[in-house]
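Contents: one structure, followed by commentary.
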Amino acid sequence: MSIRTRPGADHPRAEQSDDSAPSRRSVLRGAVAGSLAAGSLATGARAAEPTAEAANLPPNIPEWMKAPGAPTGEQPYGLPSPFEKTVVRNISKTLPQTISASSRTPLQDLDGIITPNGLFYERHHGGVPAIDPAAHRLMLHGLVERPLVFTMEELRRFPSQSRIHFLECSGNPVYTKPYGKTASDLVGLVSCAEWTGVPLRLVLAEAGLKPQAKWIVAEGADAAALTRSVPLEKCLDDALLVYSQNGERLRPQQGYPLRLLLPGFEGNMSVKWLRRLKAVAEPAYSREETSKYTDLMPDGSAREFTFIMEAKSIITRPSGGQRLTSTGYHEITGLAWSGRGKVSRVEVSVDGGASWQDAELQAPVLTRALTRFRLPWRWDGQATTIQSRAIDETGYVQPTLADLVAVRGTNSFYHNNAIWPWRIEANGEVSNAQA
């Protein structure tokens, strides 16, 4: 019962004007001229330089040029600059148990589409196990011709693939209290990485599936023994048995030494610390696909097996908790994604949804991956509301929250992919327009 609409008359796109969305070339010409005259990209008021750092500003020689810096190799594992110490994950305050908790990616502080491993969102149901990879095994059994048990070394002998995909919790955000302050508060349970591992279909072929097999039940080696049923079609398509993320071995919080990755499906199904795969004729109907991770409808029924994460987007700059310090040119940028494939278009409104215009999609635009979008915008200092909506390659258009509630009611908990607007006040402060 997903909401599907087609872009067209119902979704007007305003023509770009000199006042609202200047061309990138004209903006850059004006910015260069402005920077030569005022030392700033802004065409309006310019914030005063902080006096405490004035001695380090041009034409003075800054302190860090007057002595050699830290030696190479001082940190065996590289760390971010101490000046970026505030760019950290947002730890959930709604889940009281630390072993069943979450942390959110600071989307508003990141650029590009790849999430650093140290900022990748987390969701755990039984804490993070400390697994010795030498003692870890993957058991494959059930409706197969040859039940098998694999060591990590044996799995790594299979042909591998590296692919970029997003991973998103289906409760991102929940329906009940989707009123956070920042982009991280709202939709920080999504991240994107380059994943390396073995196509699951190769391992299943090694065991030989029996004709009766229609589902694969995956079980994790955490204290919760998290278990999910996966349609065989997905397992034979793009599912990966992953052992590396962004070029290094998985971190314990992301399933070390082995996890399942199901691109475009809700994150709970990409079982971490994977220890068992069982080929079966029917789904397991485990706790995580009956009591949890189903969508309660207004008539008391529940949608089950709503695996796919529908098209979604959010503006990350400017966004909640930030402030525009001057009028003039600003770049609106954000992230869009869809579990059904590639993002084909992102539309942005700078007038509260009265009109829409196409944003530029930054390459690469990949299937089931985060896509960065950008729109040049000249702010006139008036209060307004900005928002974005994604359209994926199937024609699905990201709905408003009112659209979703009209179909699903307010008892649902998961799969909220609504448009999220930001309110910009005349003083430049940005806040959640839904709050």
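The values are calculated or read from the model by the stated rules, or taken from the named source; none is laboratory data. Everything numeric in this text was worked out from a predicted model, so none of it was measured. Methodologically, a virtual Cβ is constructed for each residue, glycine included, from the backbone with ideal geometry; neighbour enumeration extends over all protein chains shown. Note: areas computed on protein heavy atoms with side chains; ligands, DNA, RNA excluded. Shrake-Rupley method; radii C 1.70, N 1.55, O 1.52, S 1.80 Å.
Taking region 226-308, how much of its Cα-Cα pair set, in percent, is spaced more than 23 angstrom apart? Here the long-distance tail beyond 23 Å is 26 percent of all Cα pairs in region 226-308.
The helix-based estimate of mean residue ellipticity at 222 nm for the chain, built from -39,500 (n - 2.57) per DSSP H run of four or more residues and divided by its residue count, is -2500 deg cm²/dmol to the nearest 500.
Charge dipole (Cα centre; +1 on Lys/Arg Cβ, -1 on Asp/Glu Cβ; no other charges) of the chain amounts to roughly 720 debye. Reported value for region 258-376: 188 Å³ per residue, from the convex hull of its C-alpha atoms. Ellipsoid semi-axes for region 364-407, based on the Cα gyration tensor and the rule √(5λ), read 24, 20, 7 Å when sorted largest first.
Express the C-alpha Rg of region 122-171 as a ratio against the empirical globular expectation 2.2 N^0.38 Å, rounded to two decimals.
1.54
Where the centroid of each part is defined by its Cα atoms, how far is region 205-266 from region 419-435 in Å? Using only Cα atoms to place each centre, the spacing works out to 39 Å. Rolling a 1.4 angstrom probe over the chain with all protein chains present gives an accessible area of which 54% lies on carbon and sulfur atoms.
Label zone (Tyr285, point 7 Å along Cα-to-C-beta; backbone nitrogen cut-off 14 Å) within region 296-312: 302, 304-305. GNM remark for the chain: springs join alpha carbons under 10 Å apart, and the peak mean-square fluctuation among Ala134, Ala225, Ala390 falls on Ala134. What's the long-distance tail for the chain, i.e. % of Cα pairs beyond 30 Å? Counting every Cα pair in the chain, those more than 30 Å apart make up 49 percent.
Note on region 371-435: Rg/Rh from C-alpha atoms, Kirkwood Rh, equals 1.04. What the Kirkwood sum gives for region 299-435 is a hydrodynamic radius of 15.7 Å, with every pair of different alpha carbons counted.
Based only on Cα atoms, what Rg/Rh ratio does region 204-256 have, Rh being taken as Kirkwood's radius? In region 204-256, Rg relative to Rh is 1.02. The figure for Glu288 is an accessible area of roughly 10 square angstrom, using a 1.4 Å probe on the protein chains alone. Summed over the residues of the chain and divided among them, the accessible surface reaches 47 Å² per residue at a probe radius of 1.4 Å. Computed across region 238-286, the Kirkwood hydrodynamic radius from all distinct Cα-Cα pairs reaches 11.7 Å. Working note: Cα atoms of region 147-198, range along each principal axis, descending, whole Å: 47, 24, 12. Taking amide H as placed 1.01 Å from N in the peptide plane, Leu143 has its amide H under 5 Å from the amide H of Ala279, Val280, each at least 5 places away in sequence or on another chain.
Against the criterion of solvent-accessible heavy-atom surface with a 1.4 angstrom probe, Lys272, Lys342, Lys66 sort, most first, into Lys66, Lys342, Lys272. Residues in region 251-265 carry Karplus couplings, in order, of 7, x, 5, 10, x, 3, x, 8, 9, 8, 10, 10, x, x, 8 Hz; the curve used is 6.51 cos²θ - 1.76 cosθ + 1.60 with θ = phi - 60°, and Gly or Pro positions show x.
Derived from the Cα gyration tensor, the three semi-axes of the equivalent ellipsoid of region 97-182 are 33, 18, 14 Å, largest first. In sequence order, region 78-83 has phi-based couplings of x, 10, x, 4, x, 6 Hz under the Karplus curve 6.51 cos²θ - 1.76 cosθ + 1.60, θ = phi - 60°, and Gly or Pro positions carry x.
Placing +1 on the Cβ of every Lys and Arg and -1 on the Cβ of every Asp and Glu, with no other charges, gives region 307-435 a dipole of roughly 340 debye about its Cα centre.
Across region 104-136, the residues whose backbone nitrogen lies under 15 Å from the label position 7 Å along the beta-carbon direction of Leu79 are 118. Lysine pair count for the chain (Cα-Cα distance under 17 Å; residues 8 or more apart in sequence or on different chains): 8. With both labels modelled 7 Å from their Cα along Cα-to-Cβ, the Val149 to Ala67 distance reads 5.9 nm. The per residue volume of the convex hull around the alpha-carbon atoms of region 153-277 is 122 Å³.
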